[in-house]
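Since the structure comes first, as structure tokens, the remarks are kept for the end.
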Amino acid sequence: MPAFPRRKHIAVWVLPFLISSLTMTMLVGALFLAAVKADEAAARRQEGLLQFIVANLESSLAHEQESATVWDDAVKFARLKDTDWLAANLGEWMHTYFEHDAALVLKNDGQVIYDFIADPSAGPDATDILKVALPLTQTLKRRLEAGQRSDSARILSIGESDLSTIAGRAAIVSVKPIVSDSGEIIQNPGDEYLHVAVRYLDGKLPGRIAEDYRFADLGFSRSTGGDTRHSSVALTSNSGETIGYFRWLPFSPGSSVLSDVYPIIILVGLLTFCLMSLLFHTLWRRSLNLKASQEELEHLALHDPLTGLANRANFSLTLEQRLLSLPQSQSLAVLFIDLDHFKAVNDSYGHPVGDALIKEVASRLSLVAPSAFASRLGGDEFTMLVEMTEGEDVEQLARDIIASLRNPFPIDTHHIVIGASVGICISTPEVAADDLIRHADIALYHAKAAGRNTYAVFGAHMEKLLRRRREIETDLAFALEDGTQLEVHYQPVYSAGDGEISSLEALCRWHHPRYGALSPDDFIPIAEESGLIQKLGYFVLEDACNLLSEMEALDLTIAVNASAIELMSPGYALRVLNTLARYGVGPTRFEIEITERIAADGDSRIADAIRLLRSAGVRFAVDDFGRGNSSFGQLLNLEVDRIKIDKMFVDGIQDGGGMPLIEAIVQMARHKGLKTTAEGIETKEQREVLTMLGCDSLQGFELSRPLNRSQVVKLVTGTESQRSRAV
């Protein structure tokens, strides 16, 4: 063939063919490489997931056991060897609910008192299982005898588990002690009955894993068998012995895509662009799904899942960013919002109602301040970030929040009433984000200390007051342990008719080593918030009962003050009655003073305590009557024996304004059959007017100041020059 035609042939046919072939080969090679990489990445992800699943199999089995082994009934019926109960709760139920394949209940000496085999025909029996479980039970028994206990809130009891071979079958074996959940059943360490649970790895478990996590052809095998098509994960015991493998067909997204497009590329080279567009479209869709998943994870990382509000991390980040971009003419206000009495809602109505309440609170906060950046820190704590422009009134916003949250929340069939305390801190150029948050928290603390349902704006003095408050809290705990700084004083109450001492009011006094004599107003609220009020109340109760027992021959009553926290605490009424009985004091000689709010409170625990004590003969008095929001109508409904007229009415006698009110209170009390005591009397004129108005008893500095124990004894026994008659 001549050279020119030959070159033309090469140029027209051969060279284009070579170029097109090379192009197609590079394209196919690139696609093949991408497919291999995608398959390898998918295989690595599946292998990592299955390794994680295998690592959690033992802990999951142990956790499932705890649903029945940490139970007073389990301890009781195991000791009774009640096989019907053990079958229903520790054997057959475990199989039905968790698909456990076998279970044993052992005495502390290793004797089997109950065994359950889901499929007796499948091989291992109780003897086979006990043989494998024996080392685990021995190790666990040594740990129990050594007094080891779980230190995790999720893991309720210690245990032992391992991957083992039982009569030729690979299995997870877990041993847990059967222990009391309440702690009321005494168990000597090492004497606990043991529960052995077995889950076979070659049974239904691989199928469940495959179904839940979409593993293809997942199964158990004793060896890999040289099969390169399947991926595998080794199952090893605690000693490092491999007892088998989980094997599955790896997910191959790249190969699937390549097998779809490769024939089309070979057969229709002109359609390569379209096919690649389809391929990249498929990859784009997967990328979009991945991006959507990442965005969802990022949202969850920065938002509270219950309310959808920002979480703590998001709030801190947003605060820092806004401080950096804040114009000098503006400032930021940080509001900390804490719900009052939310724990009582959870205790009374359950957590589902509590969660519904939290969501409703979040909704109301968004309505009150739609432009504010709101977040939930956790529990019943919320925050708000408000950009303040000229004329912005953050205190009015706080009042609006408090007013909104005081309105009843209709949830299910309940009408729940709570309140809120708000702490406010306003930014200044020199204050960092962390300090703003801390200052708002301090302001919230002061708002709660001021009586709740109010707000407080941070001031420089607050931090100093907070340090002093925390110091008093620490010192009060020490004083209650030491018993030398606290002292109970008694203020006499006199009969208006004959001037004789009719009763004493017990008042706690504290001589602080640094601050000197502290008023009860300084340390009683701290005791209530820190949980020390019950111990402080018991200290006063003991001293009062002891004094009454010493003055058994005298017809005197002693009154002590009780807070709502004390009355709501379990066993308060029984503690009072036991103390009275221990000192031989009749209940009718003892009186408990409570506030109007407590007396009118609808809390069933308070009402039950008052009802029980009154039925035993203990008397109740409403202290500082008239200071709160009581009405005469409420007075008629109070289940008490005495009301103490507040000092503000007594002070009003001077200008004549208090007399009509005192007279009305006395008349209404008589109609109800209640006694009246006027407190805070400081002048002879007040004493005479109150006697004339018909008060039954009188109390105040005009008659006697609070006295220490020895002074009281001298006064009431007549050994002091001052007699027990007020003239």
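The values are calculated or read from the model by the stated rules, or taken from the named source; none is laboratory data. All figures in this text were calculated on a predicted structure; none of them were measured in a lab. Because the Cβ atoms are built from the backbone with ideal geometry, glycine has one as well, and the counts that use them run over all protein chains shown.
Could you list, in sequence order, all residues of the stretch 473-516 that are buried (at least 19 other Cβ atoms within 10 Å of the Cβ) and part of a helix (DSSP H, G or I)?
475, 476, 479
Looking only at the stretch 606-618, filter to residues that are buried (at least 17 other Cβ atoms within 10 Å of the Cβ) and closer than 13 Å to residue 571 by Cα; which one of those is modelled with the lowest pLDDT?
606
Residues that are at pLDDT below 90, closer than 25 Å to residue 581 by Cβ, of a type outside the set (Lys, Arg) and assigned to a helix (DSSP H, G or I): does the stretch 522-533 have at least one? Break it down into steps so the answer makes sense when it comes.
Narrowing the stretch 522-533 to residues at pLDDT below 90: 522-533.
When the remaining residues are screened for being closer than 25 Å to residue 581 by Cβ, the result is 533.
Those left that are additionally of a type outside the set (Lys, Arg): 533.
Those still in the list that are assigned to a helix (DSSP H, G or I) too: 533.
Yes, that holds for at least one residue.
Can you tell me which residue among 589, 582 is over 23 Å from residue 718 (Cβ atoms) and basic (Lys, Arg)? First the steps, then the outcome.
Working: 589 fails: over 23 Å from residue 718 (Cβ atoms).
Result of the check over 589, 582: 582.
Under the condition of being in contact with a helix residue (DSSP H, G or I) (Cβ under 9 Å, 6 or more places away or on another chain) and modelled with pLDDT under 80, which residue from the stretch 430-449 is surrounded by the most Cβ atoms within 10 Å (Cβ to Cβ)?
So, considering only residues that are in contact with a helix residue (DSSP H, G or I) (Cβ under 9 Å, 6 or more places away or on another chain) and modelled with pLDDT under 80, the one surrounded by the most Cβ atoms within 10 Å (Cβ to Cβ) is 449.
Is it the case, given these coordinates, that residue 130 is surrounded by 18 or more Cβ atoms within 10 Å (Cβ to Cβ) and either more than 30 Å from the chain's Cα centre (by Cα) or farther than 20 Å from residue 90 by Cα (or both)?
Details: surrounded by 18 or more Cβ atoms within 10 Å (Cβ to Cβ): yes; either more than 30 Å from the chain's Cα centre (by Cα) or farther than 20 Å from residue 90 by Cα (or both): yes.
Here the answer is yes, as residue 130 does meet what is asked.
Just the residues that are in a helix (DSSP H, G or I) and surrounded by 13 or more Cβ atoms within 10 Å (Cβ to Cβ), please, taken from the stretch 653-663. Spell out the reasoning first.
Taking the stretch 653-663 first, the residues in a helix (DSSP H, G or I) are 658-663.
Of everything in the stretch 653-663, those that are in a helix (DSSP H, G or I) and surrounded by 13 or more Cβ atoms within 10 Å (Cβ to Cβ) turn out to be 658, 659, 661, 662, 663.
Working only within the stretch 517-555, note down all residues that are closer than 15 Å to residue 487 by Cβ and surrounded by fewer than 13 Cβ atoms within 10 Å (Cβ to Cβ).
Selection gives 517, 519.
Taking strands (runs of 3 or more DSSP E) that do not extend beyond the stretch 407-467, which have at least 1 residues that are without any contact (Cβ under 8 Å) to a residue 24 or more places away in the chain? Walk me through how you get there before you give the answer.
Numbers: elements: 409-411, 414-416, 419-426, 455-457.
Here the list reads 409-411, 414-416.
Return yes or no: is residue 482 within 29 Å of residue 592 (Cα to Cα), touching a residue at least 12 places away in the same chain (Cβ under 8 Å) and of a type in the set (Asp, Glu)? Full working, then the answer.
On the way: within 29 Å of residue 592 (Cα to Cα): yes; touching a residue at least 12 places away in the same chain (Cβ under 8 Å): no; of a type in the set (Asp, Glu): yes.
Answer is no for this residue.
Of the conditions (1) modelled with pLDDT under 90; (2) closer than 30 Å to residue 47 by Cβ, residue 190 fails just one. Which one is it?
Just one mismatch for residue 190, condition (2).
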